[in-house]
1. Can you tell me the order of 214-223, 228-237 when each peptide is scored by its average per-residue count of other Cβ atoms within 10 angstrom, highest first?
2. So which trypsin sites (Lys or Arg not before Pro) in the range 32-106 pass both tests, a DSSP loop state and at most 16 other Cβ atoms within 10 Å of the Cβ?
3. Express in whole angstrom the spacing between the alpha-carbon centres of the range 125-168 and the range 480-510.
4. Given G100, Y117, A37, which one lies farthest toward the positive end of the charge dipole of the range 12-127, if we put +1 on the Cβ of every Lys and Arg and -1 on the Cβ of every Asp and Glu?
5. Given R₀ = 30 Å, FRET efficiency for H83-E449 by Cβ-Cβ distance, to 0.05?
6. May I ask which of K311/K434; K366/K433; K568/K592; K462/K488; K25/K366; K23/K262 have a Cα-Cα span longer than 25 Å here?
7. K406's amide H: which non-local residues (gap 5+, or another chain) put their own amide H closer than 5 Å, with H modeled 1.01 Å from N in plane and none for Pro or chain starts?
8. Normalised by the residues of the chain, what does the relative contact order come to in percent, with Cα pairs under 8 Å and at least six apart?
Amino acid sequence: MAITSREELNACAEQFRKELATKKKRVLVCAGTGCLANGSDKVIEEFKRNSVDAVAIAKSGCHGFCEAGPLVRIEPDHILYVHVKPEDVEEIVDKTLKKGEPVERLLYHHPVTGEAYLGEGDIPFYKSQTRVALANCGAIDPDDIREYVACDGYKALARAVMDLEPREIIEEILESGLRGRGGGGFPTGRKWMFAHAAEGDTKYIVCNGDEGDPGAFMDRSVMEGDPHRVIEGLAIAARAIGASHGYVYVRAEYPLAVSRLKNAVEQARQLGLLGENIFGTDFAFDVTIKEGAGAFVCGEETALLASIEGKRGMPRPRPPFPANKGLYGKPTVINNVETLATVPAIILHGPAWFHGIGGESSPGTKTFAITGQVANTGLIEVPMGATLREVVFDIGGGVRTGRPFKAAQIGGPSGGCLPAELLDTPLEYDALKKVGAMVGSGGLVVMDEGTCMVEVARFFMKFTQHESCGKCVPCREGTKRMLEILEKIVAGEATMEDLDNLEEIAWVVKESSLCGLGKTAPNPVLTTLKYFRDEYLAHIVDKKCPAGVCTAFRKYSVDPELCKGCGKCRRSCPAEAISGEVRKPHVIDADKCIKCGACAAACPFGAISLQ
């Protein structure tokens, strides 16, 4: 069956809604990567084994509340169960599906008050969110195009193809104020306008799904949970710039996203929503799913295009920009997953609706992957301009360790580290740039007082140095030298001259690198130097790590009043650094000690402590 008009699309949507409504209840089990890793596939199998008449069992994409997975959603009762195991299914079936009663112990309970929350909308984690790109994630089966169409899917494409000229599509995106959600924040409409105006019969649109930031999973969750939204956004962009073919570039480490995207493309072709004469017009468009090899640098536009062409993924100087000379030398637009997933909602609801969300200079919403020392880890979507404090404490539930909040690293491995005094900073492009951070792709790592900020800078520098393609000298040599200095600092071997060199090199790399990887790699160093310089000085001058993290500064000692001379510490020491007679206090040879902590763990009397 091919849909050839808006009327047929509307009829299909109505038919699909009726088909989905034949069951009185619907069980949606999260089948995102996180929940699958925790066994949600076995939960689905158990529900199918305990099937009940008039109850539909389906999988969904990521709900976002990864800390509480596996998640099970019961509709239309608006019940959300957390930490569901296969052995819980029988009770859910007996009490909820048959009797309509909630299973109290499986509801989300507030960690402090103990209050139980019945539905998703009541839980603080969800309550402060505004979902646009994630609107369908967790609510539909990503492998069933009927569910996407039933939720007004492809209506925006119908409007773009049948009611709007390419220039009018671009004007609506410009008016909405949508900025690229992949990191740079460049106005999406302007990028489309450049490609639209570029000369050439062949043009390309590319979706950048090469999400390589440690701890980030925003794009992966959208591709897994709502792949048709990405394809629809890609098709609308193609119509705007005059492209007839598009690519979704997704890293091969995302096999579930790859599988669901390929399935979605095939389903869209079967319904005539991809291919020739879309909606009975002369607009033709098709999509290829391209798997990347997992190089972080391929998140950069020109490196990504080189990878699609079969070349080594390395950036090239600009200009010419991809909008004029991109894939195979043709005008090309590259947008990231979240940007394209936002486009259908703008075309469907209008630019004024979108501009009414968020701030004046940064309208709309942004997804963040919130991880680290925070009570509620997961995927969130908030209006641009929401403060860091709101995200960490209202949505994230605060620091899970009970220690004071120390910092948040925003924007992935190339983002900045912001201290507690900047908790009221709005999460939007211009405000974050002023304080040395960036929105980036949306990674957000929360840290408590037990974190060493120098070690944090070293950790992220090690990642970016490893991922540098090596093409330009500032990035290739500068990141290596910065890493060497940071390793000297955490080893207790650095001097004040090293600290001056570190800061100078960081600015050189930032100002003179060829691509975005090198230009942003120094951000963790520069922001930690700006806001946590006292920790660098403590490592260099005082020869101590204030957080007690860096091994080089650890010193274990035995309290002779508590030591009973049992010898357990001596026997557990791999370096044979402990000596002493039975029933007499033992001593640790500091020169031999490798500071592993095995002795302290073995001592039953608490006689060994870290100084």
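1. The most tightly packed comes first, giving 228-237, 214-223.
2. Loop-located and lightly packed - K98, K99.
3. Cα centres, the range 125-168 to the range 480-510: 48 Å.
4. G100
5. E between H83 and E449, to the nearest 0.05, is 0.60.
6. From K311/K434; K366/K433; K568/K592; K462/K488; K25/K366; K23/K262, over 25 Å: K311/K434; K25/K366; K23/K262.
7. Close amide H contacts, sequence-distant or interchain: M447, D448, E449.
8. Once divided by the residue count of the chain, the mean separation gives 11 percent.
Throughout, read-outs are computed from the coordinates displayed, never taken from laboratory work. Just so it is clear, the structure is predicted and the values come from calculations on it, not from any experiment. Cβ atoms come from the backbone with ideal geometry, glycine included; neighbour counts cover every protein chain shown.
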